[in-house]
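Structure first, commentary second.
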Amino acid sequence: MELEPGIHQLTFGREPLPGFPPPNAYLVFGSDTAVLIDTGWENEDDHHARAAYIREVNAPPVSEIVITHRHPDHGGGALHMHRETGAPLACHPNDREAIENDRLHGELHVADDLQHGDRRELGGLSLEAVWAPGHTSGSLALFAPERKALFTSDTVLAVSTTSIGPHDGNLADYMRTLEMLKDVDARIMYTGHGGPVKRPKARLNALIKHRHEREQAILNALRDGPLSPAELRVRIYTRLPKSRERLAERQLLTTLTKLAEEQAVVAEENDRYALR
C-alpha cells in the first residue's frame with residue numbers, strides 16, 4: 001500500500017496476539033535506490049506476497065534491508081528477503097547477535113551495524129538511524145527528514161502501548177527514548193503494527209503519562225502489602241482477556257524492575273515485591 005510517494009507499507013502474515021494487527025514492513029525509495037525496513041514473520045506465503053509486491057512497485061533495486069529489532073515478527077523473513085533481493089542486512093549492534101542466531105540461523109551475517117545518526121541517501125530522500133532502546137536494547141527507528149516521517153517499528157504504536165519484556169527490554173531506557181523522540185520533530189510516525197500516528201508529540205506524551213500512571217497504580221496496590229506480578233495483574237488489569245494475562249504479568253515485572261532500580265520497591269520471597 002502506497003502511503004506517500006516513495007513510501008509503501010507491506011503488511012502480511014498472522015496476528016502476534018488475537019486482535020492485534022500483523023507486522024508492518026516498509027519499502028522506502030528515492031530516485032537511486034530503495035531500503036526495506038523489516039521483513040515480517042518467517043513464513044513462506046508471507047515471503048512470496050512481500051516479494052511479489054516489491055517486484056510490482058516501480059522502485060529502484062533494494063540496496064539494504066534494515067531489521068529494526070530482534071523479534072520474529074520483524075526479522076523472521078530477513079534471510080528469505082536477502083536471497084530474494086541480494087541486499088545486505090543492517091541492524092543496531094546490540095541486537096546483531098540475536099538476529100544472526102535466531103533469525104538468520106547462523107546462515108548469514110549482518111553486513112552493517114547501524115549506529116545513531118547513520119544516514120542512507122536514496123536519491124532525493126534519505127533515512128537517518130535513530131537508536132531507540134527500550135523495547136529491545138538494539139531497537140532502531142528511521143527518520144526521513146525530507147518528509148518528517150519517522151518509522152518507529154514497535155517503539156511507538158497507535159493501536160496500543162508497547163510491550164517491554166523483562167528479559168530483552170528495559171523500561172527506564174524506553175522512557176528516555178520516548179522523551180528523545182519528541183525532539184525528532186516528526187510530522188507522522190509509521191508504526192510496526194497497525195496504522196500511523198498522525199499527532200506524534202501528543203501520542204508520545206500520552207504514552208509517557210500512561211507509564212507514570214501504571215507505576216503509581218503499582219505503588220498504590222503495594223500499600224496493602226507485598227504482591228507478585230500475578231497478584232498485581234488481578235488488581236490492576238480488571239478486564240483483560242485470558243490470552244493476554246501472561247503478557248500483562250511480564251509488563252508488570254518490567255515496571256517492578258524499574259521501580260526496584262529506583263529503590264521505590266524491593267524484591268522479596270515468592271516473586272513478591274514490597275514498598276521500600
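Data table
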{"read-out": "Wholly within the range 172-276, strands (runs of 3 or more DSSP E) carrying at least 3 residues that are modelled with pLDDT of 95 or more and buried (at least 19 other Cβ atoms within 10 Å of the Cβ)", "value": "188-191"}
{"read-out": "Residue match in the range 28-40 (condition: at negative phi, out of contact with any Leu (no Cβ under 8 Å at 6 or more places or on another chain) and assigned by TED's automatic domain parsing to the domain that holds Leu122)", "value": "yes"}
{"read-out": "Members of the range 7-46 found to be more than 24 Å from His92 (Cβ to Cβ), among the small types (Gly, Ala, Ser) and modelled with pLDDT of 95 or more, listed by number", "value": "Ser31"}
{"read-out": "Any hit, the range 90-102, residues being within 11 Å of Thr39 (Cα to Cα), surrounded by 20 or more Cβ atoms within 10 Å (Cβ to Cβ), of a type outside the set (Asp, Glu) and at pLDDT 95 or above", "value": "no"}
{"read-out": "Residue within the range 45-58 that is closer than 19 Å to Leu122 by Cβ and crowded, with 18+ Cβ neighbours inside 10 Å present", "value": "yes"}
{"read-out": "Ala59 vs. criteria among the hydrophobic types (A, V, I, L, M, F, W, C) and either farther than 22 Å from Leu140 by Cα or out of contact with any helix residue (DSSP H, G or I) (no Cβ under 8 Å at 6 or more places or on another chain) (or both)", "value": "yes"}
{"read-out": "Exclusive hit being of a type outside the set (Gly, Ala, Ser) and under 13 Å from the mean Cα position of the chain (by Cα), set Met189, Met180", "value": "Met189"}
{"read-out": "Any hit, the range 238-249, residues being in contact with a strand residue (DSSP E or B) (Cβ under 7 Å, 6 or more places away or on another chain) and over 21 Å from Gly138 (Cα atoms)", "value": "no"}
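The values are calculated or read from the model by the stated rules, or taken from the named source; none is laboratory data. Since this is a predicted model, take the numbers as computed values, not measurements. All Cβ positions, even for glycine, are placed from backbone atoms using ideal geometry, and neighbour counts span all protein chains on display.
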